[in-house]
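Step one of this worksheet: look at the structure below.
The values are calculated or read from the model by the stated rules, or taken from the named source; none is laboratory data. Note that this is a predicted model, so its numbers are computed, not measured. Every residue, glycine among them, receives a Cβ derived from its backbone with ideal geometry; neighbour counts consider all protein chains shown. Surface areas here come from the heavy atoms of the whole protein model, side chains and all, with no ligands, DNA or RNA. Shrake-Rupley method; radii C 1.70, N 1.55, O 1.52, S 1.80 Å.
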Amino acid sequence: MSKDRPYVLTIAGLDPSGGAGILADIKTFEQHKVCGFAISTANTIQTENQFHEIQWTDLGFVIRSIETLFLNYKISVVKIGIASSLHDLNRIVSTIKLLSPLTKIVWDPVLKSTTKFEFMNIEDHLHIDLNKILSKIDLITPNSHEAEILFPDFTSNENKFSTSILLKGGHNEKALGKDLLFLKNEVLELLPSEKNCFKKHGSGCVLSSSIASNLALNQTLKEACKNAKIYIENYLSSTPTLIGYHYV
């Protein structure tokens, strides 16, 4: 029963195709047997391979939605997806921590869609202290392109930032599928299996929401990332199309 499950919240966009955003997150939450809530930061018109339009949700509306859920439920983990700006991201993260300091936060920094639509231009917000925002976040899950934008001086053998980082290997041409988990004093390699995986729309959403679910189930960050990798590989291998099937 849902009352026996930990509560996990996704704050992300609505993709009507269901391959990404809050619909994909909720599907993932259910497969992990956690009780999922969702707040939409944006409504989009898109398919798995075309992006047409976005309509951002008013930030005040998002904040009031967060406050309402946290005042009524003990939410263990929050997964955050697209936000229109670092300013909005900071407001969202700060509100969560003010209401529930122990709630864990996973941020999937979706800067562009797979169809190259730009959600957030980091260069427009250089005056905002990104590291201060990251200090309130437990894990960030960028791919290599997003890491280059967020952390221009990022190196592959240290983590000098104020959060843990899972560097996804889906765009790593030298070692395809090898993820790197940067903890405070350790770098852990998560190697791909021999599954026949196919590209998927929203794979980053599924991975980050799987990690969030695992954290809510009291797994350590290492365990949560390792088990999420198994889940995402099952998802990537489920169909040869851009939208996969969720199953355990």
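Using a simple charge model, +1 on the beta-carbon of Lys and Arg, -1 on the beta-carbon of Asp and Glu, nothing else, what dipole does the chain show about its Cα centre, in debye to the nearest 20?
Dipole about the Cα centre, nearest 20: 700 debye.
Viscosity 1.306 mPa s, temperature 10 °C: what is the translational diffusion coefficient of segment 36-138 from Stokes-Einstein with a Kirkwood Rh over Cα pairs, rounded to a whole number of µm²/s? Result for D is 109 µm²/s.
Solvent-accessible surface (1.4 Å probe) assigned to Ser76 amounts to roughly 40 Å². Pair-distance distribution of the chain: all C-alpha pairs, bin width 5 Å, starting at 0; shares per bin in whole percent are 1, 6, 15, 19, 22, 18, 13, 5, 1, 0. Annotation for segment 72-118: trypsin sites (Lys or Arg not before Pro) lying in DSSP loop with at most 14 further Cβ atoms inside 10 Å of their Cβ are Lys74, Lys116. For the chain, the solvent-accessible area with a 1.4 angstrom probe is 49 square angstrom per residue.
Using just the Cα positions, wrap segment 189-248 in a convex hull and report its mean projected area in square nanometres, one decimal place. Averaged projected hull area, Cα only: 3.9 nm². Under the combined filter of DSSP loop state and at most 16 neighbouring Cβ atoms within 10 Å, segment 181-238 retains these trypsin sites (Lys or Arg not before Pro): Lys184, Lys195, Lys199.
Candidates Ser210, Ile82, Thr41 compared by Cα position along the dipole of the chain: farthest toward the positive end lies Ser210, with charges placed on Cβ. Near Ile39, the amide H atoms lying under 5 Å from its own belong to Thr10, Ile11, Ala12; only residues 5 or more places off or on other chains count, and H is placed 1.01 Å from N. For the set Thr41, Thr220, solvent exposure ranked by accessible area (probe 1.4 Å, protein chains only) runs largest to smallest as Thr220, Thr41. When the chain is treated as a Gaussian network with alpha carbon springs shorter than 10 Å, the biggest mean-square fluctuation among Leu130, Leu207, Leu23 belongs to Leu130. Bridgeable lysines around Lys226 (alpha carbons under 20 Å apart, same-chain partners fewer than 8 residues away excluded): Lys27, Lys33, Lys79, Lys104, Lys168, Lys178, Lys184, Lys195, Lys199, Lys200. Each principal axis of the Cα atoms in segment 132-244 has its own extent, and those three values, largest first, are 39, 33, 22 angstrom.
Counting only protein heavy atoms, what percent of the accessible surface of the chain is carbon or sulfur at a 1.4 Å probe? The nonpolar share, carbon plus sulfur, comes to 52 percent. As a ratio to 2.2 N^0.38 Å, the alpha-carbon radius of gyration for segment 50-100 is 1.25. Exposed loop sites here are GluC sites (Glu not before Pro) assigned a DSSP state other than H, G, I, E or B and surrounded by at most 16 other beta carbons within 10 Å; excluding them, the longest clear run of the chain is 1-157.
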